[in-house]
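Colleague: Can you keep this structure in mind? I'll have questions shortly.
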Amino acid sequence: MFITQTDTFSTKNNTVLITDSIEKLPASDFSKQELEYISRRQQDEAQLITINHLTNFLFVQLLDDKLAVFEQQEKLRRSAAKCVKTINQHKYESLYITDLTGEPANVSAFVEGALLSNYQFIKYFKTKEKKANSLKQIYVPKGLCSEKSVHESNLLLEAVYRSRDLVNEPQLGMNTPQFVQQLEEMSKNAGFKLEVFNKKKVETLKMGGMLAVNKGSETPLRFCILEWRPDNAKNEQPIVLVGKGIMYDSGGLSLKPTRNSMDQMKSDMSGAAVVAGLFQLAAKAQLPVHLIGLIPVTDNRINGHEYAPGDVIRMHNGLSVEVMNTDAEGRLILADALSYAKRYNPELVIDIATLTGAAKALLTHRGIPAMTNNATSAMDLLKESGTAVHERIVELPLWEEFNDVLKSDIADLRNIASVPGGGVIAAGKFLEHFVEYPWLHLDIAGMAFLSTSDGYLTKGATAAGLRLLFRFLKNYS
Ligand code: BES
Ligand code: ZN
Ligand code: ZN
């Protein structure tokens with residue numbers, strides 16, 4: 001557990017005091033000079049004021065009453081990352097966080113930022129003990145934060161860490177069977193159901209997209225079905241979550257062309273890792289929503305038997321697709337999963353995928369482009385949830401005219417647009433041909449994996465989409 005509740009709060013420890021005014025600070029814990037210093041820094045509009053007491057740090061975090069709640073919370077998350085950096089630099093092991101205005105949500109946001117930023121993936125270093133962050137434990141006051149909320153924060157952060165680990169593990173240690181093994185372990189441990197289809201079963205289901213992408217692989221594909229069905233589920237029909245599980249994307253025969261463009265492609269299963277983390281969290285937190293998860297798992301490689309540009313394949317829903325680029329593989333495996341989802345008569349289906357480089361070019365790591373066929377109220381709730389957790393949503397249109405560029409001379413569809421531009425939408429528009437229910441599509445290619453850290457978004461995998469979808473499902477129920 002990362003977060004512990006405590007009665008014994010003392011500013012002799014490393015302590016964060018969140019407050020809206022200096023008057024609320026416990027005067028006896030600061031010298032006169034320190035209070036003068038704090039007040040001077042406040043006039044400079046500093047937000048996190050650091051006081052080094054030699055045996056411990058005091059951090060004064062000033063709230064800004066001009067900010068909306070969600071803006072304030074994001075400021076707190078970002079401040080927390082700075083604070084954690086200082087704590088680790090000085091090799092301290094614990095941090096106490098309290099709010100002098102009595103607002104537990106401020107503490108939660110600060111704790112969340114602190115723990116998100118304290119994540120590391122260091123298992124492959126020889127000197128991993130030396131590299132490990134010293135901060136191990138965060139304490140919050142018993143009276144202020146409810147036991148339930150602390151427990152839920154712990155579970156959320158555990159899921160984020162797990163999801164980041166799944167992505168950060170290079171493909172050598174995270175190929176199709178290894179990922180499925182992880183899922184099995186998570187299902188047992190958390191208590192959600194898991195069923196795994198092998199290649200034979202996928203052949204009988206005629207999932208032509210999955211089979212085509214998997215042709216060039218030495219490892220056979222898997223199709224994973226997760227289920228969380230609590231007795232007290234608020235929804236009558238399930239919500240289905242679909243995650244792109246490309247364990248490694250070389251591009252296939254349309255080999256990724258530009259310099260370095262393959263370096264981060266172990267992260268092409270980020271959508272799958274988010275769905276897996278979400279099921280762990282839903283089960284452990286006893287989320288009252290009936291959920292189905294669909295994760296198509298394969299890599300996209302070449303071995304002499306791979307599919308090729310110009311091939312026409314038959315998809316699970318019967319549509320034929322002319323493959324014009326084998327690097328547009330994500331939409332092929334997602335399309336099969338999306339048409340499979342129909343059998344659940346779902347209330348809503350959400351897919352999450354590192355689908356297009358264009359999404360990264362559009363919003364960088366600062367937001368997630370999303371599209372819907374007509375689920376406007378679900379989209380509104382998604383945007384609201386995105387703003388609250390700072391995994392922000394930008395809606396893009398699926399106008400009818402965008403279909404023109406997906407027309408093929410010899411098949412029902414082509415898998416990439418026939419003209420440049422609009423790549424994020426073209427991918428969404430392609431998927432729309434495979435859905436027959438209310439649907440949200442999230443392209444996390446920009447946010448899923450960072451080459452430089454940004455505050456509490458650590459380098460490498462971010463698990464972006466997990467906090468978003470958990471918040472969404474909580475609000476939904
Ligand atoms: N996995 C990639 C998308 C991607 C790119 C994710 C960069 C994360 C960072 C996807 O399979 C892909 O290769 N998409 C192509 C589509 C194109 C061929 C239409 C792309 O975006 O270049
Ligand atoms: Zn690709
Ligand atoms: Zn891909």
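Nothing in this text is a laboratory measurement; each read-out follows from the coordinates by a stated rule. Just so it is clear, the structure is predicted and the values come from calculations on it, not from any experiment. As a convention, Cβ positions derive from the backbone with ideal geometry for all residues, glycine included, and neighbour counts pool all protein chains shown.
Colleague: How much length, in nm to one decimal, is gained on full extension between residue 8 and residue 146, taken as 0.36 nm per residue of separation minus their Cα-Cα distance?
Modeller: Stretched out fully, the residue 8 to residue 146 stretch lengthens by 48.1 nm.
Colleague: Would you be so kind as to identify which of 445, 457, 418 lies farthest towards the positive end of the dipole of the stretch 402-462, taking Lys and Arg as +1 and Asp and Glu as -1 on Cβ and the Cα centre as origin?
Modeller: The listed residue farthest towards the positive side: 457.
Colleague: How much mean residue ellipticity at 222 nm does the chain get from its helices, if each DSSP H run of length 4 or more adds -39500 (n - 2.57) and you divide by all residues, to the nearest 500 deg cm²/dmol?
Modeller: Computed ellipticity for the chain at 222 nm equals -11000 deg cm²/dmol.
Colleague: Can you compute the radius of gyration and Dmax for the stretch 227-326, using only the Cα atoms, both in Å?
Modeller: For the stretch 227-326, the Cα radius of gyration and maximum Cα-Cα distance read 17.7, 51 Å.
Colleague: Where does each of 1, 210, 379, 174 land when they are ranked from fewest to most other beta-carbon atoms within 10 angstrom?
Modeller: Ascending Cβ contact count within 10 Å gives the list 1, 379, 174, 210.
Colleague: Turning to a different aspect of this structure: Translational diffusion coefficient, Stokes-Einstein: compute it for the chain using the Kirkwood radius over C-alpha pairs as Rh, at 4 °C and 1.567 mPa s, and state it as an integer in µm² s⁻¹.
Modeller: In µm²/s, the coefficient rounds to 55.
Colleague: For 351, 412, what ranking results if the residue with the fewest other Cβ atoms within 10 Å of its Cβ goes first?
Modeller: With the fewest neighbours first, 351, 412 line up as 412, 351.
Colleague: Just how large is the dipole of the stretch 95-251 about the Cα centre, in debye to the nearest 20, putting +1 at every Lys and Arg Cβ and -1 at every Asp and Glu Cβ? Write out the running numbers ahead of the final one.
Modeller: Details: 21 positive and 18 negative charges, 123 e Å.
Taking the Cα centre of the stretch 95-251 as origin, the dipole is about 580 debye.
Colleague: Still on this structure: Roughly speaking, what is the stretch gain from residue 380 to residue 205, that is 0.36 nm per residue apart minus the C-alpha to C-alpha distance, in nm to one decimal?
Modeller: Details: separation 175, 0.36 × 175 = 63.00 nm, distance 3.46 nm.
Gain on stretching residue 380 to residue 205: 59.5 nm.
Colleague: Write down the radius of gyration of the stretch 350-477 and its Dmax, each obtained from C-alpha positions, in Å.
Modeller: Cα radius of gyration and Dmax of the stretch 350-477 are 15.1, 49 Å respectively.
Colleague: Taking the Cα centre as origin and putting +1 on Lys and Arg beta-carbons and -1 on Asp and Glu beta-carbons, what dipole magnitude results for the stretch 333-477, to the nearest 20 debye?
Modeller: With Lys and Arg at +1 and Asp and Glu at -1, about 580 debye.
Colleague: Next question. For each of 429, 256, 123, count neighbouring Cβ atoms within 10 Å of the residue's Cβ, then give the residues from fewest to most. Before the final figure, lay out each step's value.
Modeller: Numbers: 429 26, 256 17, 123 10.
Listed from fewest to most nearby Cβ atoms, that is 123, 256, 429.
Colleague: Another one. Please report the antiparallel percentage of the DSSP beta bridges confined to the chain, to the nearest 5.
Modeller: Rounded to the nearest five, the antiparallel share is 40 percent.
Colleague: Suppose we keep just the DSSP beta bridges with both residues in the stretch 1-151; what percent of those would be antiparallel, to 5?
Modeller: Working: 5 of 21 bridges.
The answer is about 25 percent antiparallel.
Colleague: So for the stretch 338-391, what are the equivalent ellipsoid semi-axes in whole Å, largest first, each being the square root of 5 times an eigenvalue of the Cα gyration tensor?
Modeller: 23, 16, 9
Colleague: Please provide three numbers in whole Å: the alpha-carbon extents of the stretch 34-168 along the principal axes, with the largest listed first.
Modeller: 46, 34, 25
Colleague: Another question, if that's okay. Using unit Cβ charges (K, R positive; D, E negative) and no other charged atoms, how large, in debye to the nearest 20, is the dipole of the stretch 417-477 about its Cα centre?
Modeller: On the way: 5 positive and 4 negative charges, 54 e Å.
For this selection, approximately 260 debye.
Colleague: Once you put a point 7 Å from the Cα of residue 453 and another 7 Å from the Cα of residue 65, both along the Cβ direction, what distance in nm separates them?
Modeller: Here the modelled spin labels are 3.5 nm apart.
Colleague: Given the stretch 161-239 reduced to its alpha-carbon atoms as identical point scatterers, what log10 I(q)/I(0) does the Debye formula return at q = 0.14, 0.23, 0.24 Å⁻¹?
Modeller: -0.61, -1.15, -1.17
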